[in-house]
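Single-structure report; data block below.
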Amino acid sequence: MAPTVAVLGGGYGGISVAKALDDIADVVLVEPRETFVHNVAALRAAVDPDWTERIFIPYDGLLSRGRVLRDRAVRVHPTAVDLGSGRRFTADYLVLATGSTSPYPSKLDVEEAAGAAAKLRSTQAALARADRVLLLGAGPIGIEFAGEIKAVWPDKTVTVVDPAADLVSGRFPDAFRAELRAQLDELGVELLLGTSLRELPETGPGQTGGFTVTTRSGVEIDADIWFPCYGGTVDSDYLGPELRPARRPDGRLAVTAELRLPGQETVFAVGDVTAVPEMKQARAAQQHAEVVAANVRTLIEGGGTLATYRAAADSIVLPVGPKGGVGYHPEAGLLGAVPTAELKGGLFLDRYLELLGAVAAR
Ligand SMILES: Cc1cc2nc3c(=O)[nH]c(=O)nc-3n(C[C@H](O)[C@H](O)[C@H](O)COP(=O)(O)OP(=O)(O)OC[C@H]3O[C@@H](n4cnc5c(N)ncnc54)[C@H](O)[C@@H]3O)c2cc1C
């Protein structure tokens with residue numbers, strides 16, 4: 001009998017591990033969402049109706065012999081998983097891939113695809129009604145969202161506020177931020193950096209309704225809608241007592257170089273849920289997945305030297321609308337608008353349709 005590998009979470013890391021081990025193990029992928037959500041394109045889906053359905057990709061074509069269980073892990077032990085449905089199953093290997101959340105619309109908070117798509121459509125409508133948009137956070141999410149909004153509605157006023165002194169934290173050269181500023185300037189995006197709001201707007205996030213707020217530096221902002229674009233969190237409360245020592249105060253999990261939880265032979269973690277000191281990115285989650293899949297395979301085949309993972313250097317490909325953006329990689333250097341758009345204008349959708357064995361949603 002083939003060993004069972006439980007993969008908890010069907011995001012970028014989870015689907016990659018599950019697929020890579022489908023030929024050698026009985027893979028059980030546990031995921032509460034109805035479909036895979038191509039989160040990298042979530043901000044475009046919040047402004048462009050053509051993208052609303054595309055980001056929901058069915059899991060049906062992912063695995064040949066394994067299965068996807070629509071459920072949530074609520075208590076996880078080294079060889080057993082308790083599910084939200086009340087069921088329990090045992091596994092020989094565990095891969096924790098439960099990722100992170102960040103405020104809507106950067107990550108979606110509805111598990112049914114139709115419900116999540118309906119929410120995106122109502123955001124598109126709310127944005128269409130608003131002349132002035134306020135985004136809190138000048139990290140990758142706030143900047144990317146500003147670019148997407150301006151690409152659809154060039155005449156809207158878009159203001160981005162952030163307490164940090166500059167755009168997008170990370171070890172990037174000055175030229176990266178200068179190019180980003182130049183593109184945002186060209187689009188007319190207003191940046192208020194080094195300050196924050198005295199208090200949040202009275203209206204809820206994503207609701208249309210005029211309001212005035214004041215920054216701590218004394219600038220008054222009139223806007224019609226606002227979105228928080230900061231504050232990701234990790235939920236790893238599901239760890240049972242044997243695994244809980246790996247949990248850091250921020251919820252992220254300590255891992256060894258082999259991406260196992262410390263002291264555990266058969267429990268691995270990938271992606272945003274890990275405390276690997278690097279930028280949290282889908283690309284990193286998939287590189288973790290390669291290492292973990294190789295290691296589980298080695299253990300299943302009887303042992304040998306395990307692969308190790310080294311934290312990636314800071315790099316980014318940051319779209320500013322479908323036709324702009326800036327990229328930086330320590331080896332490739334700086335990418336301007338044209339190469340960035342060539343690389344990422346399509347938001348890598350084809351890559352994930354292929355991985356999931358799916359065809360593009362109409
Ligand atoms: C707007 C935006 C744009 C981005 N663009 C890029 C980009 O261009 N390139 C890039 O590399 N990165 C990008 N990122 C970062 C990227 O989205 C994350 O790093 C990536 O999603 C991490 O993948 P993951 O598999 O670790 O977790 P996730 O993608 O967060 O997936 C985790 C999955 O686990 C499930 N889950 C949670 N709890 C449980 C549980 N208890 N039991 C079972 N399942 C559970 C969730 O439903 C979810 O489906 C972007 C992020 C945002 C917000």
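The values are calculated or read from the model by the stated rules, or taken from the named source; none is laboratory data. Note that this is a predicted model, so its numbers are computed, not measured. FYI the Cβ positions are ideal-geometry reconstructions off the backbone, even for glycines, and counts take in every protein chain you see. Accessible surface areas use protein heavy atoms only, side chains included; no ligands, DNA or RNA. Shrake-Rupley method; radii C 1.70, N 1.55, O 1.52, S 1.80 Å.
Yes or no, residue by residue, for (1) without any contact (Cβ under 8 Å) to a residue 40 or more places away in the chain; (2) in a strand (DSSP E or B):
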{"residue": "ALA289", "(1), (2)": "no, no"}
{"residue": "ARG297", "(1), (2)": "no, no"}
{"residue": "VAL317", "(1), (2)": "yes, yes"}
{"residue": "GLU342", "(1), (2)": "yes, no"}
{"residue": "ASP350", "(1), (2)": "yes, no"}
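Taking region 33-44 as the range and being in contact with a strand residue (DSSP E or B) (Cβ under 9 Å, 6 or more places away or on another chain) and either hydrophobic (A, V, I, L, M, F, W, C) or outside any loop (DSSP other than H, G, I, E, B) (or both) as the test, the residues that pass are PHE36, VAL37, LEU43, ARG44. Every test in (1) open to solvent by 40 Å² or more (accessible area, probe 1.4 Å); (2) under 21 Å from VAL317 (Cβ atoms); (3) under 26 Å from the mean Cα position of the chain (by Cα) is passed by ASP185 save one, and that test is (3). So which of THR214, THR256 ends up being over 20 Å from the mean Cα position of the chain (by Cα) and closer than 28 Å to ALA46 by Cα? None of the others qualify; the one that does is THR214.
Of the numbered criteria (1) crowded, with 24+ Cβ neighbours inside 10 Å; (2) more than 9 Å from the ligand (Cβ to nearest atom); (3) closer than 22 Å to ASP71 by Cβ, the one ALA45 fails is (3).
Would it be correct to say that VAL213 is touching a residue at least 40 places away in the same chain (Cβ under 8 Å) and in a strand (DSSP E or B)? Considered against the rule, which asks whether it is touching a residue at least 40 places away in the same chain (Cβ under 8 Å) and in a strand (DSSP E or B), VAL213 comes out as yes.
The residue that is surrounded by the most Cβ atoms within 10 Å (Cβ to Cβ), among those in region 159-172 that are aliphatic (A, V, I, L, M) and under 22 Å from the mean Cα position of the chain (by Cα), is VAL161. Of all the criteria given as (1) in contact (Cβ under 8 Å) with a residue 12 or more places away in the chain; (2) more than 7 Å from the ligand (Cβ to nearest atom), the one not satisfied by ARG72 is (2).
Would you call GLU202 open to solvent by 80 Å² or more (accessible area, probe 1.4 Å), closer than 21 Å to ASP155 by Cα and more than 23 Å from the chain's Cα centre (by Cα)? No: the conditions fail for GLU202. Annotation note: of ASP60, ASP23, ASP50, the sole residue that is outside the structural domain of VAL152 (by TED's automatic domain parsing), open to solvent by 10 Å² or more (accessible area, probe 1.4 Å), part of a helix (DSSP H, G or I) and more than 15 Å from the ligand (Cβ to nearest atom) is ASP50. For region 1-20, taking the residues that are near the ligand (Cβ under 9 Å from one of its atoms), assigned to a helix (DSSP H, G or I) and of a type outside the set (A, V, I, L, M), the one that is surrounded by the most Cβ atoms within 10 Å (Cβ to Cβ) is identified as GLY13.
Of the listed requirements (1) crowded, with 16+ Cβ neighbours inside 10 Å; (2) closer than 29 Å to GLY346 by Cα; (3) more than 9 Å from the ligand (Cβ to nearest atom); (4) among the hydrophobic types (A, V, I, L, M, F, W, C), PHE36 misses just one: (3). Restricting attention to region 75-88, the residues that are of a type in the set (A, V, I, L, M, F, W, C) and either without any contact (Cβ under 8 Å) to a residue 12 or more places away in the chain or surrounded by fewer than 15 Cβ atoms within 10 Å (Cβ to Cβ) (or both) total 1. Of the set (1) exposed (fewer than 15 other Cβ atoms within 10 Å of the Cβ); (2) under 23 Å from the mean Cα position of the chain (by Cα); (3) in contact (Cβ under 8 Å) with a residue 24 or more places away in the chain; (4) not assigned by TED's automatic domain parsing to the domain that holds ALA118, all apply to LEU239 but (1). Total residues in region 116-158 satisfying the condition of being of a type outside the set (A, V, I, L, M), open to solvent by less than 10 Å² (accessible area, probe 1.4 Å) and not in a helix (DSSP H, G or I): the figure is 1.
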